[in-house]
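Below is one structure; the comments refer to it alone.
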Amino acid sequence: MRTPFVAGNWKMNKTVAEARELVSIMGVGLKAVKGVEKVICPPFTSLLAVANLLGGTDIGLGAQNMHWEEKGAFTGEVAPAMVKEFCKYVILGHSERRQYFGETDQTVNKRVLAAQKNGIIPIVCVGETLDENKAGQTAEVVRRQTLGALQGVEADFAPSLVIAYEPVWAIGTGLASSGENAQLVHGQIRALLAELFGQAAADKIRILYGGSVTGANAAEFFSQPDIDGALVGGASLKDDFIAIAEAASK
Ligand code: PGA
């Protein structure tokens, strides 16, 4: 069976000092939650400090983005080998990257392939905007983004993938989707993964829900058959993240 997975996406929050403080407070409660894979994704600048604090624990680290080139003249970018020094995971194709930094299905795909090449597990984000949702295009958009991101992924790498379905209208708005609506999309994603990689691989891939997940609504999502955990933004900066991990362990 799939091990539940909760990842905290800190986004552009926390200095090193603040990151240390948060991890020292939250780490104790998080460590006590068993049977769940727990991952924290701080900004690049805090990875070293957080890695030092989490060394020897069962809490993993992820980056929030990564460039696809190995190295060179790409001012401001971070290469796969640099991410790999600290992180088992990397969030790719988050809607904020697509919305504010011009990422496309193609550039997300390049990053996914670079992650595969470097043995970093991508947490690939997909999800429709409010307009697309209202226009009834959710299934089509999620299918296009998933297919686009995963082009060229090898069958033997596929089972380790993590996909996050994050409806853009639910991110940071306090308006989460419902368990039932999210399940519908998760079921479609799993069916697509089965088309791409076969049912056995698709059954191993964790599909997370993201978008205003809190300790109060987490259980509603985790009770759905194809929702294997959560990608958490706002609530990952608070104790609420522990409550979400606890809900995933049940
Ligand atoms: P949120 O963000 O939990 O603050 O809605 C989720 C995300 O962007 O991953």
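Picking from residues in segment 180-201 that are more than 18 Å from the chain's Cα centre (by Cα) and under 14 Å from Ser223 (Cβ atoms), the one that is farthest from the ligand (Cβ to nearest atom) is Glu180.
Within segment 131-154, residues that are surrounded by 12 or more Cβ atoms within 10 Å (Cβ to Cβ) sit with their Cβ atoms under 7 Å from residues that are of a type in the set (Ser, Thr, Tyr) and not in a helix (DSSP H, G or I), at 6+ positions apart or across chains, in these pairs: Val142/Tyr165. Applying the set (1) under 24 Å from Arg206 (Cβ atoms); (2) surrounded by fewer than 23 Cβ atoms within 10 Å (Cβ to Cβ); (3) touching a helix residue (DSSP H, G or I) at 6+ places or on another chain (Cβ under 9 Å); (4) not basic (Lys, Arg) to Ala51 leaves exactly one unmet item: (3). Is there a residue in segment 178-199 that is assigned to a strand (DSSP E or B) and of a type in the set (Phe, Trp, Tyr)? No, the conditions are met nowhere in segment 178-199.
Flag: Ala219 does not match the condition of being within 11 Å of the ligand (Cβ to nearest atom) and assigned to a helix (DSSP H, G or I). Those helices (runs of 4 or more DSSP H) of segment 1-108 in which at least 1 residues are over 19 Å from the mean Cα position of the chain (by Cα) and of a type in the set (Ser, Thr, Tyr), considering only elements entirely within it, cover 16-31. Checked against (1) within 16 Å of the ligand (Cβ to nearest atom); (2) within 21 Å of Ile59 (Cα to Cα); (3) of a type in the set (Lys, Arg), Arg97 passes all but a single condition, namely (2).
The numbers here are math on the coordinates, done by the rules we state, and not lab data. Note that the structure is predicted; figures quoted are calculated from it, not measured. Every residue, glycine as well, gets a Cβ built from its backbone with ideal geometry; the counts of neighbours run over all protein chains shown.
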